[in-house]
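What follows is a set of notes on a single structure, which appears directly below.
Every number here is computed from the coordinates shown, using simple stated rules; none is lab data. Predicted, not measured: the structure shown is a model, and the values here were computed from it. As a convention, Cβ positions derive from the backbone with ideal geometry for all residues, glycine included, and neighbour counts pool all protein chains shown.
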Amino acid sequence: MPIIKNIVILTGAGVSAESGIDTFRSAGGLWEQHRVEDVATPEGFARDPDLVLRFYDMRRAAIQTKEPNAAHRALARLDAEWSGELLIVTQNVDDLHERAGARRVLHMHGEHLNAWCTACDVRSPWTAPLIDRPPCPACGTSALRPDVVWFGEMPYRMDDIYAALREADLFVSIGTSGAVYPAAGFVRGARDLGIPTLELNLERSQGSAWFDQTRLGPATELVPAWVDEVLGGA
Ligand code: BV8
């Protein structure tokens, strides 16, 4: 078994599903209730800002009523006890990784609990609705938008993610369908770098064929067991 020192973990909506946060593509999921192009694109925001602001106000309020689950807690434990490099790259815009205690977390698609001012470019911590066009805490302009990466927009900190992947000895993907790029391409990048890859997911994903190993089941069972294994072997 090769020595594992540096780990990159990619998480998606599936890691927060058991906390009661809707995933995107599951039956009754977010994309069944809303047209992606209407609520998660800059064009949709330009066309109907109220529709988009209400969509994110609803989700921002909802996550504040949810709690981290055993998968979030297990990853927070790994973060606290792992002496090597570790980066939790999440596609999720909720704050459950951090509320579970994880620190080495990178939100590549943004965060619900920030508001981004399109006038002064400042991102401010935000828990309230944006529909009433509140003033930006930094410049006072009413030009706030959700701090999330919409389709067609560049994800955050891609250089940091690729740098961590280049140093990684293991790439693990948890609770993601592998439907959205560039995140869905990380497993192939890891393979090309000769890095072992592991998938933990409820069902096979669009990327399963690219993983060395896939374990199927709920994150609250698979993730604590995997963390025990890794720390047990540490
Ligand atoms: C970009 C924030 C330029 C907003 C999101 C290449 C090929 C084809 C298309 C493209 C391409 N490159 C770019 C594109 C276009 C596009 C794209 O990928 N389109 C898709 C639809 C084909 N990508 C973009 O536009 C991206 N920007 O490309 O910029 C560029 C190019 C190169 C390099 C740099 C930049 C921006 C995409 C980001 C959009 N914003 N979120 C918001 O949240 O509202 S994406 C959003 O959807 C999530 O963040 C996430 O990324 C994605 C949803 O996926 P998942 O999280 O996986 O959720 P899903 O519901 O799909 O699946 C859940 C999984 O969990 C399932 O597998 C299920 O089995 C499992 N599960 C469920 N319950 C459990 C579980 N597992 C374990 N336990 C459980 N209990």
Specify, per residue and in Å³, the volume enclosed by the convex hull of the alpha carbon atoms belonging to the stretch 185-234.
78
Contour minus Cα-Cα span, ARG188 to ILE131, at 0.36 nm per residue, comes to 16.5 nm
With a sphere of radius 9 Å drawn around the Cβ of ARG123, what net charge do the other residues whose Cβ falls strictly inside it have (Lys, Arg +1; Asp, Glu -1)?
-3
For the chain, set up a GNM with springs between Cα atoms under 10 Å and report which of ALA209, ALA70, ALA61 has the largest fluctuation.
ALA209
Nearest-5 percent of antiparallel DSSP beta bridges in the chain?
30
Starting from 0.36 nm per residue, how many nanometres of slack lie between ALA209 and ALA143 once their C-alpha separation is accounted for?
19.4 nm
If I model a spin label at ARG99 and GLU37 as a point 7 Å from the Cα along the Cα→Cβ vector, what separation in nanometres do I get?
3.4
So what are the ³J(HN,Hα) numbers for the stretch 121-127, from phi and the Karplus equation (6.51, -1.76, 1.60; θ = phi - 60°), rounded to whole Hz, Gly and Pro as x?
6, 8, 9, 10, x, 8, 10
List the relative contact order of the chain as a percent without decimals, with contacts defined as Cα pairs under 8 Å and 6+ residues apart.
23
Prolate/oblate/rounded label for the stretch 110-234 (Cα gyration tensor, a/c 1.5):
prolate
Using a Gaussian network model on the chain with a 10 Å cutoff between Cα atoms, which of GLY14, GLY28, GLY44 fluctuates the most?
GLY28
Would you kindly calculate the mean projected area, averaged across all directions, of the convex hull enclosing the Cα atoms of the stretch 1-104, in square nanometres?
8.1
Rule-of-thumb check for the chain: C-alpha Rg over 2.2 N^0.38 Å?
1.02
At most 16 other Cβ within 10 Å, DSSP loop - GluC sites (Glu not before Pro), the stretch 181-228:
GLU203
How much length is gained if the chain between ILE3 and ASP50 is pulled fully straight, taking 0.36 nm per residue apart and subtracting their Cα-Cα distance, in nm to one decimal?
11.8 nm
